[in-house]
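Reading through the structure tokens given below for one structure.
The values are calculated or read from the model by the stated rules, or taken from the named source; none is laboratory data. Please read all numbers here as calculations on a predicted model, not as lab measurements. No Cβ is skipped: glycine too gets one built from the backbone with ideal geometry, and neighbour counts run over all protein chains shown. Protein only, heavy atoms only, side chains kept; ligands, DNA and RNA dropped before computing areas. Shrake-Rupley method; radii C 1.70, N 1.55, O 1.52, S 1.80 Å.
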Amino acid sequence: MFSTQSRFWLILPLIAFLVFPSQALHYGLFDSTAKEILAAIGWRSINITWLWFLPLLAIEFFKHPKAKIGFLVAFLGLIFLSAKLTATSFGYATLFLFLSIFILFTENIARLGILRGDRFIIGTLLASLIVLCVFILFPMFSILSAIVYINGKFSLDEAFRTSQQPHLLKVIWQSISVSASVGLLSTFFGLCFALYTTRIAKKMKFISKLFSILPIVTPPFVVGLGVVLLMGRNGTITHFLVEQFGINKNWLYGFNGILLSHTLALTPMAFMIIEGALRFIPANLEEASYSLKSSPSQTFRHILFPLLKPALANSFLITSIQSLSDFSTPFVLGGNYDVLASQIYFYIVGSQPDYTTASTMGVILLAFSLASFFIQYQWLGKRSYQTLAGKGNQTSHLPLASGLKWVISCILLGWITFNAILYGSIFFGSFVVNWGVNHSFTLEHYLRLFGQGLDFGGFPSLIHTLIFALCAAPITALFGVLIAYLTTRVQFKGKSFFEFIALLCFAIPGTVAGVSYVMAFNDAPIYLTGSAVIIVLSMVTRNMPIGMRSAIAGLAQIDVNLEQASQSLKVSSCKTFLFIILPLLRPALLSALVTSFVRSMTTMSAIIFLVTPNTQVATAYILNRVEDGDYGMAVAYGATLIVVMMLVILGFNKLIDRKGS
């Protein structure tokens, strides 16, 4: 049986070698001429690609699986080394070659009895490792090597030159101070609102949904644009403050504006994390505290708050890293207040790009993110926060202290009022000629965006974004579920390392991820820069933790005995996964799918360095309008994206409700 299968996987690359280009097409398959496509087909001339395909047939001379695996490892090394030395990039035919090598690897590892010879588990593990290593670890290595390996020589001169720049320490301090402040404020407000929805007004579910949707449907700097409309130099609030208190008209630009905008944008993310933790704390713990004559405030301080430490730490980590990696809000509101993310952006897109300095600053940014990640891991890793409640909450939670309830309710009222005004100003600003100057009603901004046909205005970027998000979302959800399944259900050597790489997605700032992709995939043998593929891959790796988080939560509710019963009936793990696990995970999978789609639609920091005029996306188009000072079109496009994303999520919720009923 193996011999028949192996021959098929040996013949497939040869067919691809005859039919498809073996070398990369610099203008893509659809934009290349017939002459360029024919020239890239390997068999039409004597070239290095013959060495990539023909030697694979030699695997038939090896009999033992270990020998075959050794041959495949050596063969892969030969392919990559020869491609690198000859500066030849992989073409479409190599996709079939690597697929065949992957299948042969899986089959021979299974024949050795590793992981009980389960081909599905082995293949899933290999595929996940390849994705994590090639698209996460390799780009990180590339950005590090760009600092110390310059013009073919090892040198630390450029890194030392960058580190000795007089303003660097100031930029680092400003980045850390604003991100830490955002993390603290977002976590504080998120805790207040989570306590409100779970302990004060549990029936008001619309508040929970509102805070869950807002951060997802709003592009990262559209909130900043709304803040500018309200509190900028021509803002209504600024005029009031100047007239009544004599405050400087430029008070918003700098630390204040970045802190305000990031807190408004990221608090809902903190709210979702903390609210989920609060809902899983058993009510009987609070009842036990009250039965021992503890006051509501003592119960909160000594019972609820300690159990919330993991959620609070996760909230602080995620919001601070998101703030640290966002360059678009400092670009709009920063003024002279420089942060690392915005400096990286200017070093890359400036008139004289300096990739070495940008890489050095990217590594500094990554170092702070990883340091936060490890501090959190060490702080929480040695403590236990399990409540030992396996049947969920059988009783309702007891009320909070009356004083705390009053404070939280007042904070929430002020927050909702301000957000209503903020988002109202975004939509209002899209229908006026010039905010703060001429408030006459107009549809000009929308007509310039979407009234010039599908090939002009905002339509091309919107269509591109929809296509990229539709391609990335299912891949993101699939790999998220597979990696979650491996980490929760399968035991294997190196599992800790595998989990570390998977969690590394959380800690890598988007700006650093974008720069690392430019460094890693801008040269042979894997040349992807300028293509749509690299944008989709960036969306997948950035949003993979979403699928993982949803799947892990879903798997925790699925009894392992169901899988064991299936295996006792001699059902393969693949069929068990497809017909038992996946159907039970359908809500989590669909949730990850729609969340990944919406986040891909609104992503910014990770892809701004990857887009070209031919692969323009919505958020990059908005940023270009801001750079040109055309705030009307920028706000109109942002309002359009908010409406589109809200419709997508509401449609998804209706679909889920219909399926459930």
Whichever aspartates and glutamates have a C-alpha closer than 14 Å to that of Lys68, once near sequence neighbours (fewer than 8 apart) are set aside: Glu60, Glu107
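Of all chymotrypsin sites (Phe, Trp or Tyr not before Pro) in region 255-352, which ones are in loop regions per DSSP and have a Cβ with at most 16 other Cβ atoms within 10 Å?
Values: sites: Phe255, Phe271, Phe280, Tyr290, Phe300, Phe316, Phe327, Phe331, Tyr337, Tyr345, Phe346, Tyr347; in loops: Phe280, Phe327, Tyr337.
For chymotrypsin sites (Phe, Trp or Tyr not before Pro) across region 255-352 that sit outside H, G, I, E and B with at most 16 neighbouring Cβ atoms in 10 Å, the list reads Phe280.
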16 Å cut-off, amide nitrogen to a point 7 angstrom out along Trp50 Cα→Cβ, residues in region 14-30: 14, 17-18, 22-23
Dipole magnitude of the chain, debye to nearest 20 (Cβ charges: Lys/Arg +1, Asp/Glu -1, about Cα centre): 2080
Cut-off under 5 Å, modelled amide H: who pairs with Tyr527 long-range: Phe90
Rounded to the nearest 10 Å², the accessible area of Phe245 at probe 1.4 Å: 140
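With a cut-off of at most 10 other beta carbons within 10 Å, and DSSP calling the residue loop, which trypsin sites (Lys or Arg not before Pro) in region 564-616 qualify? Please list them. Numbers along the way, then the final one.
Details: sites: Lys570, Lys575, Arg599; in loops: Lys570.
Here the trypsin sites (Lys or Arg not before Pro) that fit, given the DSSP loop and packing criteria, are Lys570.
Keeping all protein chains in place, calculate the accessible area per residue for region 325-368 (probe 1.4 angstrom), answer in Å². Intermediate results must be reported in sequence, preceding the final value.
Details: 1460 Å² over 44 residues.
Accessible area per residue: 33 Å².
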Unsatisfied cross-links (Cα-Cα over 26 Å) in the set Lys35/Lys153; Lys493/Lys575; Lys309/Lys405: Lys35/Lys153
Principal-axis tilt of helix 93-111 within the chain, Cα atoms, nearest 10 degrees: 80
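Heavy-atom accessible area per residue, region 222-312, 1.4 Å probe: how many Å²?
Working: 4010 Å² over 91 residues.
Spelled out: the 1.4 Å probe surface of region 222-312, per residue, equals 44 Å².
Report, in deg cm²/dmol and to the nearest 500, the calculated mean residue ellipticity at 222 nm for the chain, where each DSSP H run with n ≥ 4 adds -39500 (n - 2.57) and the sum is divided by the residue count.
Details: 31 runs with 448 residues, N = 661.
Theoretical 222 nm ellipticity from helices: -22000 deg cm²/dmol.
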Span from the region 516-575 Cα centroid across to the region 399-418 one, whole angstrom: 40
Where region 576-632 is the region considered: accessible area per residue in Å², 1.4 Å probe: 36
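Could you compute the FRET efficiency for Asn561 and Phe280, with r as their C-beta to C-beta distance and R0 at 25 Å, rounded to 0.05? Display every interim value, and only then the final one.
On the way: r = 22 Å, r/R0 = 0.88.
Computed FRET efficiency for Asn561 and Phe280: 0.70.
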Cα centroid separation - region 241-283 against region 587-648, whole Å: 22
In Å², nearest 10: area of Leu584 left accessible to a 1.4 Å probe: 90
Carbon and sulfur %, accessible surface of the chain computed with the full protein complex present, 1.4 Å: 66
Nonlocal amide H pairs with Val432, under 5 Å, H built at 1.01 Å: Thr442
Arg542 accessible area, 1.4 Å probe, all protein chains in place, Å² to nearest 10: 60
Which of Glu444, Glu286, Glu243, Glu60 is most accessible, then next, and so on - probe 1.4 Å: Glu243, Glu444, Glu60, Glu286
Integer Hz, Karplus 6.51/-1.76/1.60 couplings in order for region 476-481, x for Gly and Pro: 4, 5, 5, 5, x, 5
Label-point gap, in nm, between Ala367 and Phe500 - each point 7 angstrom along Cα→Cβ: 1.9
Pairwise FRET efficiency - Ser572 versus Leu81, Cβ, R0 = 45 Å, nearest 0.05: 0.75
Hydrodynamic radius by Kirkwood, which averages 1/r over all alpha carbon pairs of the chain, in angstrom: 27.4
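Between Gln244 and Phe418, what FRET efficiency comes out of the Förster formula 1/(1 + (r/R0)^6) with R0 = 25 Å and r the beta carbon distance, rounded to 0.05?
Working: r = 18 Å, r/R0 = 0.72.
According to the calculation, E is roughly 0.85.
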